[in-house]
Amino acid sequence: MPPKRNGNLSMVYFQDFVLEGFEGGLDTQALLFAVFLALYMVTVLGNLLMIIVITLDARLHSPMYFFLKNLSFVDLCYSSVIAPKALANFFSSSKVITFAGCAMQFFFLSLLGTTEAFLLGVMAYDRFMAICNPLRYPITMCQSACTRLVLGAYCGGCFNSIVQTSFTFHLSFCSSNRINHFFCDVVPLLKLSCGNTAINELLLFGICGLIIVGLAFMVLISYGYIIVTILRMGSGARRRKVFSTCGSHMTAVTLFFGTVFVMYAQPGAIESMEQGKVVSVFYTLVIPMLNPLIYSLRNKDVKEALWRLGQKHMAL
C-alpha cells in the first residue's frame, strides 16, 4: 500500500510496516524456519498437554496447578501471537504487516507478557502460603481467591498493554516503515519514530521496570522465607519434595525475568537490535517451550498424572 503524504514532501506516513526479520540467504532462512517451527510445535504440544492433564486429573485440582494451567495457556497464546507470522515471513518476499495488524500483535504481546510476569509472582505467593503458612493455606488460597488472583494478573497485563500500545502507536512513523525485528516490538518501533520518544522510553523503563523489578523482589522475599522454612523441616523426604517443586518455579522465574529485564527494564536495552532479536527468540519461543518441560520433568505429581492419562488412553 502506498504511503500517505501530509502536504509535505519530507513527511511520509506509512500505512504498512515491513518486518525485516533475520539477515542471511536462503539457507539461513531455511535453517531458522526449521528452528522456529520445531520450537513452536513443541511449545504447542507441551502446553496443550499440561492444560489437558491438569483439567482431566482430579488429583491436580489444587491452587498450584490451577495457576500452572493458566501459565500454560498464556505461554501457548504468547508464542502463537508471534510464531505463525514469523514462520510465514521466512520465505515471503514482502514481509508486510499492516499498521492495525502490528498494533494488534503489539497489544497482545504486551498483555500476555505482563500477565505471565504477574502469574509467576502469584505462583511464588502460592508456594509461600503453602509452605510457610500451611494451616491458613486452604482458607487464603480458596477457589474464589485463586480466581481473583488470576483475574488480577490479566487486569495488570491489560493495563500495561493499553498504556504501552496507545502511547507507541500515537507516534508518527515517517522516517521508514522497515521494522528491524521479526515481530512488532516496542524498541524497534521507537527507533522508527520521527517524533520525540522520551515519554515512551520513560514509560517503558518506568512501568515495565517497576513491574519486573517489583515482582522479582517479591519472588525473592517469598523464596527467602520458603528456604528458611524448608531448612527447618525435620523430614528429609519432604524437604526434597518441596525443594523440587520450588526449584522448578525458580528456574522458570529466573529465565523469564532475566531475559525480559535485559530487553525492557534497563536503559542500555534499546541500543543493540541484533542482540535483542536473539534475546527475543529466547523469551517468546524458548521459555514457553521450556516451562511445561520444567514443571513436568521435575514434578512427580505431573509425571504420575501423565502416566495415568496414558494408561486410560491405552485402555480405550
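The values are calculated or read from the model by the stated rules, or taken from the named source; none is laboratory data. Being a predicted model, the structure only gives us computed values, none of them experimental. In this analysis, Cβ positions are derived from the backbone assuming ideal geometry, glycine residues included, and neighbour counts consider all displayed protein chains. SASA here: full protein model, heavy atoms, side chains in, ligands and nucleic acids out. Shrake-Rupley method; radii C 1.70, N 1.55, O 1.52, S 1.80 Å.
For residues in segment 147-175 being touching a helix residue (DSSP H, G or I) at 6+ places or on another chain (Cβ under 7 Å) and open to solvent by 50 Å² or more (accessible area, probe 1.4 Å), which is farthest from G195 (Cα to Cα)?
Per the stated criteria, the residue is L149.
Here is a check on your reading of the model: is F183 surrounded by 15 or more Cβ atoms within 10 Å (Cβ to Cβ), over 16 Å from the mean Cα position of the chain (by Cα) and aromatic (F, W, Y)?
Numbers: surrounded by 15 or more Cβ atoms within 10 Å (Cβ to Cβ): yes; over 16 Å from the mean Cα position of the chain (by Cα): no; aromatic (F, W, Y): yes.
It is false that F183 is surrounded by 15 or more Cβ atoms within 10 Å (Cβ to Cβ), over 16 Å from the mean Cα position of the chain (by Cα) and aromatic (F, W, Y).
Residues being hydroxyl-bearing (S, T, Y) and more than 11 Å from V18 (Cβ to Cβ): count how many of those fall in segment 176-198. Before you say what the answer is, go through the steps one by one.
Within segment 176-198, the first condition is being hydroxyl-bearing (S, T, Y), and the residues that meet it are 176, 193, 197.
Remaining after also requiring more than 11 Å from V18 (Cβ to Cβ): 193, 197.
Final tally of qualifying residues: 2.
Within segment 81-93, is there a residue that is within 30 Å of E304 (Cβ to Cβ), assigned to a helix (DSSP H, G or I) and touching a residue at least 24 places away in the same chain (Cβ under 8 Å)? Full working, then the answer.
Keep residues of segment 81-93 that are within 30 Å of E304 (Cβ to Cβ), which gives none.
There is no residue in segment 81-93 that is within 30 Å of E304 (Cβ to Cβ), assigned to a helix (DSSP H, G or I) and touching a residue at least 24 places away in the same chain (Cβ under 8 Å).
If you take the residues of segment 51-64 that are open to solvent by 10 Å² or more (accessible area, probe 1.4 Å) and in a helix (DSSP H, G or I), which of them is farthest from Y137 (Cα to Cα)?
At the first step, the residues of segment 51-64 found to be open to solvent by 10 Å² or more (accessible area, probe 1.4 Å) are 51-52, 55-59, 61-64.
Filter once more, keeping what is in a helix (DSSP H, G or I): 51-52, 55-56, 58-59, 63-64.
Details: I51: 24, I52: 26, T55: 22, L56: 24, A58: 19, R59: 17, P63: 10, M64: 11 Å.
Selected residue: I52.
Answer yes or no: is there a residue in segment 114-124 that is assigned to a helix (DSSP H, G or I) and open to solvent by 30 Å² or more (accessible area, probe 1.4 Å).
Taking segment 114-124 and keeping what is assigned to a helix (DSSP H, G or I), we get 114-124.
Still in the list and also open to solvent by 30 Å² or more (accessible area, probe 1.4 Å): 118.
Yes, because at least one residue in segment 114-124 is assigned to a helix (DSSP H, G or I) and open to solvent by 30 Å² or more (accessible area, probe 1.4 Å).
Could you please find all residues in segment 21-40 being in contact (Cβ under 8 Å) with a residue 60 or more places away in the chain and under 17 Å from V81 (Cα atoms)?
Of all residues in segment 21-40, those in contact (Cβ under 8 Å) with a residue 60 or more places away in the chain come to 21-22, 29-30, 36, 39-40.
Answer for segment 21-40, where residues must be in contact (Cβ under 8 Å) with a residue 60 or more places away in the chain and under 17 Å from V81 (Cα atoms): G21, F36, L39, Y40.
Check off (1) in a helix (DSSP H, G or I); (2) loosely packed, with under 15 Cβ neighbours inside 10 Å for P134 and give me the number that stays unchecked.
Unmet condition: (1).
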